[in-house]
Amino acid sequence: MEPFVDGAIARPAPPLRPYVGRYSGYWLDGFGPGTHQGLPSGSLTMVLTLGPPVDLVMHPDPALPPMSYDALVGGLHAVPVTIAYEQCQRGVQIDLTPFGARALFGVPASELGSTVVPLDALLGRRADEWLERLRDAPSWADRFAVLDDVLVGALIDAPPLSPEVVRAWDCLVASGGGIEVAALASEVGWSRRHLAHRFQQEFGLSPKVTGRVLRFDRARHLLGRSGRPGLAAVAAACGYYDQAHLTREFRDFAGMSPTAWLAEQLPSVQDELTAVGAS
């Protein structure tokens with residue numbers, strides 16, 4: 001099979017933007033069989049497939065056995081997951097903010113932390129309805145419109161979060177993971193211990209680990225772009241001590257060095273696709 005890449009990205013409808021970062025449609029044919037890594041980031045991940053199921057051979061929780069999913073939700077995690085594929089991968093990835101877990105599923109992000117669950121475990125029969133509607137849509141624009149419709153319809157009135165917890169998350173994201181935990185605690189007016197407890201209780205990762213994940217995620221997106229800077233420049237831009245520090249963090253979060261990751265990654269469907277209906 002001749003390799004084929006297609007896909008698109010889009011922002012969600014305005015009512016969803018506090019809870020959904022973006023939609024990424026992907027259609028990769030002729031690149032298998034093989035595996036690739038699902039890497040830690042600052043988003044929860046929802047995937048609805050348009051073709052073969054997603055085969056996870058290594059979960060964030062290594063105690064879980066390999067499983068196949070037509071639709072899934074994965075929480076924040078600090079280790080890579082391994083996805084196997086035969087000849088193609090087709091679907092839509094929805095990047096959720098941690099606040100989207102309560103707004104869409106009625107649970108804190110921590111209940112999904114470091115694990116992956118079938119979408120129907122959270123939504124019941126509605127998961128099959130969403131998947132059917134998405135697969136019936138003929139274009140990326142139509143598929144993204146379906147997602148807007150079903151996700152807006154799924155929003156619930158979740159109890160408000162502590163403003164200190166929200167502030168802590170927003171500060172970490174705004175700093176790209178660069179703010180120290182002591183400074184973060186001072187910013188929200190809590191002790192480090194209390195902040196760590198409340199933050200992990202809500203999001204499933206500690207503030208320190210979350211900062212490392214956010215910094216790593218920024219670095220790997222810089223490295224994944226065409227015309228990327230060198231490793232030393234990326235390390236400096238993302239606040240690492242040096243290139244060796246960046247490499248150690250890559251080994252922790254990707255299971256390999258930056259150079260190895262660049263050699264093995266599939267064609268990008270995240271950073272260089274057509275934007276659909278962006279506004």
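Pair-distance distribution P(r) for segment 4-157, from all Cα-Cα distances in 10 Å bins starting at 0: 11, 43, 38, 8, 0 percent. When only Cα pairs below 8 angstrom with a gap of at least 6 residues are kept, segment 96-215 shows a relative contact order of 29 percent.
Orientation-averaged projection of the chain equals 14.6 nm² [convex hull of Cα atoms, one quarter of hull surface area].
Highest mean first, the peptides 56-65, 241-250, 111-120 sorted by other C-beta atoms within 10 Å per residue fall in the order 111-120, 241-250, 56-65. The relative contact order of the chain comes to 22 percent, based on Cα pairs under 8 Å that sit 6 or more residues apart. Membrane-span-like helices of the chain, defined as complete DSSP H segments with a Cα extent of 24 Å or more along the helix axis and a mean Kyte hydropathy of at least -0.5, are identified as 207-224. Using the Cβ-Cβ distance between V152 and D252 with R0 set to 30 Å, the FRET efficiency works out to roughly 0.20. Modelled spin-label separation between E180 and A233, with each label point placed 7 Å from Cα along the Cα-to-Cβ direction: 3.0 nm. With a Förster radius of 22 Å applied to the C-beta separation of R17 and R167, the computed FRET efficiency comes to 0.75. Per residue, the convex hull spanned by the Cα atoms of segment 163-264 amounts to 99 cubic angstrom. Spin-label pair R135-L262: with each label point 7 Å from Cα along the Cα-Cβ axis, the two points sit 3.9 nm from one another.
Read-outs throughout are calculated quantities, based only on the coordinates presented, and are distinct from any laboratory measurement. Nothing here was measured: the structure is a model prediction, and the numbers come from that model. Note that each Cβ is placed from the backbone with ideal geometry, even for glycine, and that neighbours are counted across all protein chains shown.
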